[in-house]
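The values are calculated or read from the model by the stated rules, or taken from the named source; none is laboratory data. Keep in mind it's a predicted model, so treat the numbers as computed, not measured. Backbone-built Cβ (ideal geometry, glycine too); neighbour counts: all protein chains shown.
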Amino acid sequence: MPETSQLSINLATVRARYEIGEILDAVARHGIPAVAPWRDQIASIGLKETSKRIRDLGLKVSGVCRGGMFPAADKAAYEANLEDNVRAVEEAAELDAACLVLVVGGIPEGSRDLAGARRQVRDGIAWLEERASAAGVRLAIEPLHPMYCADRAVVNTMGHALDICEDVGGNVGVACDVYHVWWDPDLDAQIRRAGKAKLHAFHICDWLRDTRDLLLDRGMMGDGVIDIRGIREKVEAEGFDGFHEVEIFSRDDWWKRDIDEVLSTCIERHKSCC
């Protein structure tokens, strides 16, 4: 049974009704040791203020969401995406985050060039890795479920993400989000392939059998079909000892609930289902 000391809350889980300051206070009040803020939440009060509040509350940062979104239709837009990723690295460095999560981006609007988008992703990560390493920031490629290939991520399996890691080198690893990878028949082998060196983050929630929205209807751990505990045991068998980061997008359920109920449930389900 995992300890609460391993629990982190991705701030998307309670973002709909609450501002970042309220969320940080509530997380600390519940004795949860870590958070993963999104960049728009950081921007809402400023990087320095976010960093100060996190430090003052004694919280750690399991990750910053998100860098990536590399592919673009033209050179100027691509270079602008790269520069935005540099800012993301700076934010992760200031917050002493365990990693900067990369949601790599989909196919540019109007394009059908999947292979070209994937080349832009590989080249963008290689370009960013040098700057991230200089700043002491680990990059974590998060493969997304194939349903997001068009608009959010052209990297859809752990195997593809690890291919990029090996090609690029440096301290690039993966974020293993159970929502996105639970279905993959090659998952066990890819977790072993990643090993401790490349497993930079572990995200948890659940896949509801009768999901109503492919983006905004994630389940609380234990409410769906994912063998979360089994996957956790596999990543920890490889030496992963980082946080278990709860990341739930739930427009019609958990986002409507009181923050104390959500966080209390996260703690209970983390103990009983993970």
Out of all the residues in the range 246-258, is one or more of a type in the set (D, E) and either within 21 Å of D163 (Cα to Cα) or in contact with a Leu (Cβ under 7 Å, 6 or more places away or on another chain) (or both)?
-> no
Flag if D40 is under 17 Å from R152 (Cβ atoms) and without any contact (Cβ under 8 Å) to a residue 24 or more places away in the chain | yes
Would a scan of the range 205-212 turn up a residue that is closer than 30 Å to Q120 by Cβ and touching a helix residue (DSSP H, G or I) at 6+ places or on another chain (Cβ under 9 Å)?
-> yes
Members of the range 238-267 that are of a type in the set (F, W, Y) and over 20 Å from F202 (Cβ atoms) = W255
Helices (runs of 4 or more DSSP H) completely within the range 150-209 that count 2 or more residues being of a type outside the set (F, W, Y) and closer than 17 Å to V103 by Cβ | 158-168, 178-181
Any chance the range 118-135 includes a residue that's assigned to a strand (DSSP E or B) and touching a strand residue (DSSP E or B) at 6+ places or on another chain (Cβ under 6 Å)?
-> no
Residues within the range 110-144 that are surrounded by fewer than 24 Cβ atoms within 10 Å (Cβ to Cβ), of a type in the set (D, E) and in contact with a His (Cβ under 9 Å, 6 or more places away or on another chain), tallied | 0
Restricting the search to the range 215-232, which residues are outside any loop (DSSP other than H, G, I, E, B) and either in contact (Cβ under 8 Å) with a residue 40 or more places away in the chain or crowded, with 22+ Cβ neighbours inside 10 Å (or both)?
-> I228, R229, I231, R232
Within the range 56-103, can you find the residues that are among the polar types (S, T, N, Q) and either closer than 28 Å to A26 by Cβ or out of contact with any Gly (no Cβ under 6 Å at 6 or more places or on another chain) (or both)?
-> S62, N81
Would you check if F249 is closer than 22 Å to S5 by Cβ, touching a strand residue (DSSP E or B) at 6+ places or on another chain (Cβ under 8 Å) and of a type in the set (F, W, Y)?
-> no
State yes or no: is A197 closer than 21 Å to G67 by Cβ, among the small types (G, A, S) and surrounded by 20 or more Cβ atoms within 10 Å (Cβ to Cβ)?
-> no
Select from the range 145-171 the residues that are crowded, with 24+ Cβ neighbours inside 10 Å and within 16 Å of M69 (Cα to Cα) and list them in ascending order.
-> A153, V154, V155, A161
Which one of these does A80 not meet: (1) among the hydrophobic types (A, V, I, L, M, F, W, C); (2) under 21 Å from I32 (Cβ atoms); (3) without any contact (Cβ under 8 Å) to a residue 24 or more places away in the chain?
-> (2)
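A quick yes/no check of all residues on (1) surrounded by fewer than 15 Cβ atoms within 10 Å (Cβ to Cβ); (2) within 28 Å of A189 (Cα to Cα):
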position	(1), (2)
D213	yes, no
K234	no, yes
H244	no, yes
S250	no, no
W254	no, no
I259	no, no
V262	no, no
K271	yes, yes
C274	no, yes
All but one of (1) over 19 Å from the mean Cα position of the chain (by Cα); (2) at pLDDT 95 or above; (3) more than 23 Å from K60 (Cα to Cα); (4) not polar (S, T, N, Q) hold for R212; which doesn't?
-> (2)
